[in-house]
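Enquirer: Pasting a structure below so you can have a look.
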Amino acid sequence: MKNSVTIGKSDVTTGPLGLGTNKVGGHNLFDGLKDENGAAVVKAALNNGISLLDTAFMYGLGKSEEIIGDVIQDYDRSKIVIASKAAQDPNNELKPNNDPKFLKNSVDKALERLNTDYIDIFYIHFPDDHTPKAEAVNALVEEKKAGKIRAIGVSNFSPDQIKEANADGQVDIVEDNYSLVHRDAEEKVFAYLKENNISFVPYFPLASGLLTGKYKSADAKKFSQFSSDTFDKIIDSLAKVKAIADKHDATVAQTILAWYIANPNISVVIPGARVPEQVDSNAKALDVQLPSAEFDEINKLF
């Protein structure tokens, strides 16, 4: 299992398990969030040796970054890897904006909210439909030269947009929707990323809770993106993952996370958490060592 990961062509290194923080201050995305729980979640991650914190302006319109900025003041900044993202324009109904001036301004504002003098990874969160992608990335190259960011990422970009963004070989990392039940990236982008030394981070790795094993066939209505046959097959596959998990004295979610950690195409996996106990549980995925036969079995099940 990989213990340390280098992000693309940058000098940013991190462990293979991070924390997704859309439930830290993301009041615009989730109901009933409490800021003190968000702060406790970030502390739990850092206390468990999880160094990568993945945030974005869009998580609470800056609130997530502010909570993280407060928490990290009590920790050694050099041991923390902060990833943030911007694109949604507060002055234009939160529509994506990749204009170089907007992106540079977004970096400065994120630095203020995070109360830090550099951001380890900065992503263009969503593509807009008019800015040339290489031009947008070049704005971040200038921010990198200025020491404000250390690695450049793009998120939610189509395969063609990733290639356009990486025209000058400056993209270090791609973040996109990927999980055992949503595997488009395998055919569409993994080969290109590998050839170009670009790291990959999946979001929604547990498919909005589906891959935790807590749902049954009767819950199909909650996951309308799957046909009832597909959903039943997923539930059946998860029962088989449970048998593997039991051998490791682990949960289904920890075993699925361990599968991503063992996957050579994935650099860092970033499950989210609403409460600190979820972080503590996710961190135990690092103790699950899947032999190649079990890795292959899980791969085939989905």
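Enquirer: Taking the stretch 45-80 only, how many residues are touching an Asp or Glu at 6+ places or on another chain (Cβ under 6 Å) and farther than 20 Å from Leu111 by Cα?
Expert: Of the residues in that region, 0 qualify.
Enquirer: Quick check, is Ala243 of a type in the set (Gly, Ala, Ser), in a helix (DSSP H, G or I) and under 24 Å from the mean Cα position of the chain (by Cα)?
Expert: no
Enquirer: If we scan the stretch 62-78, do we find a residue that is touching a residue at least 24 places away in the same chain (Cβ under 8 Å), under 23 Å from Thr131 (Cα atoms) and of a type in the set (A, V, I, L, M, F, W, C)?
Expert: Scanning the stretch 62-78 turns up no residue that is touching a residue at least 24 places away in the same chain (Cβ under 8 Å), under 23 Å from Thr131 (Cα atoms) and of a type in the set (A, V, I, L, M, F, W, C).
Enquirer: A further question follows. Could you list, in sequence order, the residues of the stretch 59-71 that are closer than 12 Å to Ser84 by Cβ, assigned to a helix (DSSP H, G or I), in contact with a Lys or Arg (Cβ under 7 Å, 6 or more places away or on another chain) and not charged (D, E, K, R)?
Expert: Correct list: Gly69 only.
Enquirer: For Lys101, only one of the following conditions fails: (1) over 30 Å from Lys79 (Cβ atoms); (2) surrounded by 23 or more Cβ atoms within 10 Å (Cβ to Cβ). What is its number?
Expert: All conditions are met except number (2).
Enquirer: Quick one: which residue in Lys214, Lys284 is without any contact (Cβ under 8 Å) to a residue 40 or more places away in the chain and either of a type in the set (S, T, N, Q) or part of a loop (DSSP other than H, G, I, E, B) (or both)?
Expert: Lys214
Enquirer: Looking at (1) in contact (Cβ under 8 Å) with a residue 40 or more places away in the chain; (2) surrounded by fewer than 19 Cβ atoms within 10 Å (Cβ to Cβ); (3) over 22 Å from Ala273 (Cα atoms); (4) not acidic (Asp, Glu), which is the only condition Ser227 fails?
Expert: All conditions are met except number (1).
Enquirer: Now for a separate question. Find the residue count for the stretch 287-302, including only residues that are assigned to a helix (DSSP H, G or I), free of Cβ contacts under 8 Å to residues at least 60 places away in the same chain and among the aliphatic types (A, V, I, L, M).
Expert: Total satisfying the criteria: 1.
Enquirer: Between a residue in the stretch 130-150 that is at positive phi and any residue that is surrounded by fewer than 22 Cβ atoms within 10 Å (Cβ to Cβ), which pairs come within a Cβ distance under 9 Å, given they are 6 or more apart or on different chains?
Expert: Gly147/Asp117; Gly147/Tyr118
Enquirer: In this structure, does Ala56 turn out to be assigned to a helix (DSSP H, G or I), crowded, with 19+ Cβ neighbours inside 10 Å and either touching a strand residue (DSSP E or B) at 6+ places or on another chain (Cβ under 7 Å) or small (Gly, Ala, Ser) (or both)?
Expert: In short, no.
Enquirer: Same structure again: Of the residues Leu290, Leu257, only one is within 24 Å of Ser64 (Cα to Cα), out of contact with any His (no Cβ under 7 Å at 6 or more places or on another chain) and buried (at least 17 other Cβ atoms within 10 Å of the Cβ); which?
Expert: Only one candidate passes the filter, namely Leu257.
Enquirer: Scan the stretch 220-237 and tell me whether some residue there is in contact with a Lys or Arg (Cβ under 8 Å, 6 or more places away or on another chain) and either more than 19 Å from Gln289 (Cα to Cα) or of a type in the set (Lys, Arg) (or both).
Expert: yes
Enquirer: Restricting attention to the stretch 156-171, which residues are closer than 14 Å to Phe200 by Cα and either among the aliphatic types (A, V, I, L, M) or in contact with a Lys or Arg (Cβ under 6 Å, 6 or more places away or on another chain) (or both)?
Expert: Pro159, Ile162, Val171
Residue by residue, here is whether (1) under 19 Å from the mean Cα position of the chain (by Cα); (2) under 16 Å from Ala151 (Cβ atoms) holds:
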{"site": "Asp76", "(1), (2)": "no, no"}
{"site": "Ser84", "(1), (2)": "yes, yes"}
{"site": "Ala87", "(1), (2)": "yes, no"}
{"site": "Asn91", "(1), (2)": "no, no"}
{"site": "Lys95", "(1), (2)": "no, no"}
{"site": "Lys101", "(1), (2)": "no, no"}
{"site": "Lys109", "(1), (2)": "no, no"}
{"site": "Arg113", "(1), (2)": "no, no"}
{"site": "Asp120", "(1), (2)": "yes, yes"}
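Enquirer: Turning to a different aspect of this structure: Taking Arg274 as meeting all but one of (1) outside any helix (DSSP H, G or I); (2) out of contact with any helix residue (DSSP H, G or I) (no Cβ under 8 Å at 6 or more places or on another chain); (3) surrounded by 15 or more Cβ atoms within 10 Å (Cβ to Cβ), write down the number of the exception.
Expert: Only one criterion is unmet by Arg274, namely (2).
Enquirer: Is the stretch 210-224 home to any residue that is at negative phi and touching a strand residue (DSSP E or B) at 6+ places or on another chain (Cβ under 7 Å)?
Expert: yes
Enquirer: Still on this model: Check whether at least one residue in the stretch 233-256 is in contact with a Pro (Cβ under 6 Å, 6 or more places away or on another chain) and of a type in the set (A, V, I, L, M, F, W, C), and report yes or no.
Expert: no
Each value in this text was obtained by applying a stated rule to the coordinates, not by laboratory testing. Since we're looking at a predicted model, the values are computed, not measured. Reconstructed Cβ throughout: ideal geometry from the backbone, glycine too, with neighbour counts over all protein chains shown.
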